[in-house]
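Only one structure is covered here, and it is reproduced in the block below.
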There are 2 protein chains.
Amino acid sequence: MSATAAQAHPNIALIKYWGKQDKPGNLPATPNLSITLAELTTRTRVSSAGRDELWLNGNRKEDPKVNGFLAALRKKFAVEPLKIESENNFPTGAGLASSASGFAALITAINEHAQLGLNRELMSEWARRGSASAARSLFSGYVALVPPMWRAHQLAPASHMPLNVVVAITNRQTKSVSSTQGMEYSRLTSPYYSAWLRGGPDDFAAASSAINQRDFEALAQISELSCLKMHSLMLTSNPTLSYWNPATVACMDAVRDLRNQGCAVFFTIDAGPQLKAVCLPEATSQVAATLKNIVGDEQVIVCGMGDAAGLIEP
Amino acid sequence: MSATAAQAHPNIALIKYWGKQDKPGNLPATPNLSITLAELTTRTRVSSAGRDELWLNGNRKEDPKVNGFLAALRKKFAVEPLKIESENNFPTGAGLASSASGFAALITAINEHAQLGLNRELMSEWARRGSASAARSLFSGYVALVPPMWRAHQLAPASHMPLNVVVAITNRQTKSVSSTQGMEYSRLTSPYYSAWLRGGPDDFAAASSAINQRDFEALAQISELSCLKMHSLMLTSNPTLSYWNPATVACMDAVRDLRNQGCAVFFTIDAGPQLKAVCLPEATSQVAATLKNIVGDEQVIVCGMGDAAGLIEP
């Protein structure tokens, strides 16, 4: 049996997406912007099989999102039953965007395996149907996901303003509420949700402009605000979505202290307890040392900005 | 020289006040509701003197708020220069409402010493000019501070539904941003401030109704929401106001776990890192033991509901 393999990296949103539009297509409610990471990698191998089978990190899995994704794809294309084997070299389902890299790698592999003939923009659109943030992992550098088409595109290559991301893993457990479910709670119950929607376009514009001008400090300000606005939505949802643990808060305070001392760093946190410190390359060693002091050496991963999703040897 | 003394207790807001009206009188922007504590106590002694002198916990202090308070009072009443000696049996300026008990004790002592003849409602109004939450410490039990008069009144006595408050002190340092300054930052910069204002009356009504019906679970829900909405305002202000430390978050998680196990407890947190676990009396020992495990035995104070401000032996 022939097999095809692809890899993709998670991306870290600087302008967050939290909440979907109330219509089909898995469309974010607000424009969002990310950087694609290196080091953290999902590798996915697809091969023809008697029936669909998903293996995640060596374990047989049933995943309703993957099933739905394949069903939608087959409404449009002839795709035979597939054995899908996917491996993450980082914790899965713990706020490290494993679904982003997962669906980006999956559509990249299937596109080749089943000869769908999709260009990168259309692959991004398909990846979005699996997991909205996955649309961004089709691209490298600074990546935007905006209306009306909601296909990601590159705003600027990594070389425009290279950044490093120092990930502090504070807890490797899978989160108890999925992002999909959590977003629905926030949309339906947070008293701050409509203000969040109204502010999204301005936050996106401010971040785009900061990137355009290579203004790290401005990017830091708007990115931390976007992160804290999102976590405020989460905290004020019913049920409350509380993703921070004591180490997360200790890392936030440490990053604030570094920044107050003039270090070019800011934090961002997704729907999980891990903290990502985004910094200029020259600040990386100081940031990594500081976070290692809090969470331990082996819980800190230093990432550069990574490549777009692409094919690899199966 | 004759001396007069009064004592008052801090109060813990269940429906929070964060942000003032943009007009004179130190008026909260939203209705708020508290319970008055026992155990934590401010004792204030006033005596006639050659000129105003403030002693706080044995140290000579200049406090612009106290100076402004005395100046306002003297526009209306003949009050001679005063030596004011005030003692707190708990950390000052660390999110334990020392200014609430402080101004409540102060107006109670001055009212007697200078024979101002104010009734309790008018003392509440004067205390509010010093510190808005101080208006509530004139009363015992469940206390409301609402428009249009913005004088506190008792909603229900403590005996209606007795509660205990288990205070976990996570940090005894004075906070770096005062509440007055912080509220201004939030009013001027938080994207969620207008939603906060809009939601205030409904939150107050929900809490009043829960108290009226002795519905602890409903009171728990709306009180935690009000707390988390306020901290979301703080986090999304510029500069960001981040009052939680790792131990605060550990205590929040512990209270959530207890509540999920059926224990009648909820948390609230003011503009500081201390956590207050509010519980039915039968839950007190379990709550206190749990929080002592996190912050240490000597950092936990168990309070009942306390008396109104009143005169004591000088």
Given the criteria more than 30 Å from B:Ala289 (Cα to Cα) and either of a type outside the set (Ser, Thr, Tyr) or surrounded by 18 or more Cβ atoms within 10 Å (Cβ to Cβ) (or both), does B:Leu163 qualify? no
For A:Pro273, the lone unmet condition from (1) surrounded by fewer than 22 Cβ atoms within 10 Å (Cβ to Cβ); (2) at pLDDT below 95 is (1)
Among (1) assigned to a helix (DSSP H, G or I); (2) at pLDDT 95 or above; (3) surrounded by fewer than 24 Cβ atoms within 10 Å (Cβ to Cβ), B:Leu291 falls short only on (3)
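Residue-by-condition table, conditions (1) within 17 Å of A:Arg45 (Cα to Cα); (2) out of contact with any strand residue (DSSP E or B) (no Cβ under 9 Å at 6 or more places or on another chain):
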site: A:Ile107; (1), (2): yes, no
site: A:Ala114; (1), (2): yes, no
site: A:Gly117; (1), (2): no, yes
site: A:Met123; (1), (2): yes, yes
site: A:Ser140; (1), (2): no, no
Exercise. Could you say whether any residue in the range A:119-128 is under 21 Å from A:Ile35 (Cβ atoms), crowded, with 17+ Cβ neighbours inside 10 Å and at pLDDT below 95?
Worked result: no
So, first residue under 17 Å from B:Ala13 (Cα atoms) in the range B:114-143, second residue among the charged types (D, E, K, R) and part of a loop (DSSP other than H, G, I, E, B), Cβ within less than 6 Å, six or more apart or across chains; the pairs are B:Ser124/B:Arg151; B:Ser140/B:Asp307
Scanning the range B:228-251 for residues that are in contact with a Phe, Trp or Tyr (Cβ under 7 Å, 6 or more places away or on another chain), aliphatic (A, V, I, L, M) and facing another protein chain (nearest Cβ under 7 Å) gives B:Val249
TODO: Evaluate the following for A:Val255: is it within 14 Å of another protein chain (Cβ to nearest Cβ), over 20 Å from the mean Cα position of the chain (by Cα) and either part of a helix (DSSP H, G or I) or modelled with pLDDT of 95 or more (or both)?
DONE: yes
For the range B:189-211, the count of residues that are more than 12 Å from every other protein chain (Cβ to nearest Cβ), free of Cβ contacts under 8 Å to residues at least 24 places away in the same chain and of a type in the set (Ser, Thr, Tyr) equals 1
When the range A:23-40 is checked residue by residue, the ones that are under 16 Å from A:Thr92 (Cβ atoms) and modelled with pLDDT of 95 or more are A:Leu37
Of those in the range B:34-92 that are open to solvent by less than 50 Å² (accessible area, probe 1.4 Å) and aromatic (Phe, Trp, Tyr), the residue nearest to B:Ala206 (Cα to Cα) is B:Phe90
Just checking, does the range B:178-192 include any residue being buried (at least 18 other Cβ atoms within 10 Å of the Cβ), outside the structural domain of B:Ser208 (by TED's automatic domain parsing) and in a helix (DSSP H, G or I)? no
Among B:Ser179, B:Ser137, the single one that is more than 14 Å from chain A (Cβ to nearest Cβ), on the phi < 0 side of the Ramachandran plot and out of contact with any helix residue (DSSP H, G or I) (no Cβ under 6 Å at 6 or more places or on another chain) is B:Ser179
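Residues are listed down the side, and each one gets a yes or a no for (1) free of Cβ contacts under 8 Å to residues at least 40 places away in the same chain; (2) among the polar types (S, T, N, Q); (3) farther than 13 Å from B:Ala114 by Cα:
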residue	(1), (2), (3)
B:Thr44	no, yes, yes
B:Ser48	no, yes, no
B:Arg60	yes, no, yes
B:Lys65	no, no, yes
B:Phe69	no, no, yes
B:Ala78	yes, no, no
Worksheet item: Of the residues that make up the range A:212-224, is at least one closer than 21 Å to A:Gln21 by Cβ, open to solvent by 10 Å² or more (accessible area, probe 1.4 Å), within 12 Å of chain B (Cβ to nearest Cβ) and modelled with pLDDT of 95 or more?
Response: no
Exercise. Quick check: anything in the range A:273-288 within 22 Å of B:Leu228 (Cα to Cα) and within 14 Å of chain B (Cβ to nearest Cβ)?
Worked result: yes
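The values are calculated or read from the model by the stated rules, or taken from the named source; none is laboratory data. From a predicted model like this one, the values you see are computed outputs, not experimental measurements. With ideal geometry, Cβ positions are generated from the backbone for all residues, glycine too; neighbour counts draw on all protein chains shown. Ligands, DNA and RNA are excluded from the accessible area calculation, which covers all protein heavy atoms including side chains. Shrake-Rupley method; radii C 1.70, N 1.55, O 1.52, S 1.80 Å.
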